[in-house]
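First the structure, in the form of structure tokens, and then the observations on it.
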Amino acid sequence: MAQKRPRLNSRLEATGAEHLVLGHLLIEGIQSFIAPVGQRDYDIIATNPEANTSCRVQVKSRWATDANLHFFISTFETDIVVLVRLNRGVRYRKAKPGDEGTRDPDFFVLPVGVVKDFVHVGKTSSSLRLREVPDYEGYVDRWDLVHSFLAAQTDGAS
């Protein structure tokens, strides 16, 4: 029987993932800020001050480069979900000599409706198996979805 790996304490890295997403939103010209501490449903608020619109962004991350693309998610009171594969190293297989598995993070930007359509609800937790989302690789770096969400709120108000 395979030994179960001890749970990795990756709180620091999860906070880093939130700040990475914040940085990408800012670089994309989307005014954004970290949500208040203790906010359970989302981590970042993206805004369009001229249009008086906002977008709630939830960030989920995985530490390991070789982690499966399952992301635990329990709340859907958000507008966009950003899944971050941090790619900080090999955890689930033996590292090859000279390849510790570290590389730049991957960002998958999905509307919450897509996440809801593919989430698996279990007895104790719910998760999204990203590979089950059709064309999931098409969601890599889709920061334009946040722009579109903010613009759609303006279009719907007129």
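Once phi is turned into ³J(HN,Hα) by the Karplus curve 6.51 cos²θ - 1.76 cosθ + 1.60 with θ = phi - 60°, what whole-Hz value does each residue of segment 42-53 show in order, with x for glycine and proline?
Each residue's phi maps through the Karplus curve to give 8, 10, 9, 10, 9, 9, 10, x, 5, 9, 6, 10 Hz.
How much accessible area does Arg131 have with a 1.4 Å probe, in Å² rounded to the nearest 10?
140
What accessible area, in Å² to the nearest ten, does a 1.4 Å probe give for Glu13?
60
Grab the other residues whose beta carbon is less than 12 angstrom from that of Val119, score K and R as +1, D and E as -1, and report the net. Working shown, then result.
Values: positive: Lys60, Lys116, Arg129; negative: Asp117, Glu132.
For residues surrounding Val119, the net value is +1.
Check which residues have an amide H placed less than 5 Å from Thr53's amide H, if you skip close sequence neighbours.
It is Asn48, by chain and number.
The values are calculated or read from the model by the stated rules, or taken from the named source; none is laboratory data. This one's a predicted model, so the numbers in the text were calculated from it and none came from an experiment. Here the Cβ is made from the backbone with ideal geometry for all residues, glycine too, and neighbour counts use every protein chain on show. Areas reflect the complete protein model, heavy atoms only, side chains present, ligands, DNA and RNA absent. Shrake-Rupley method; radii C 1.70, N 1.55, O 1.52, S 1.80 Å.
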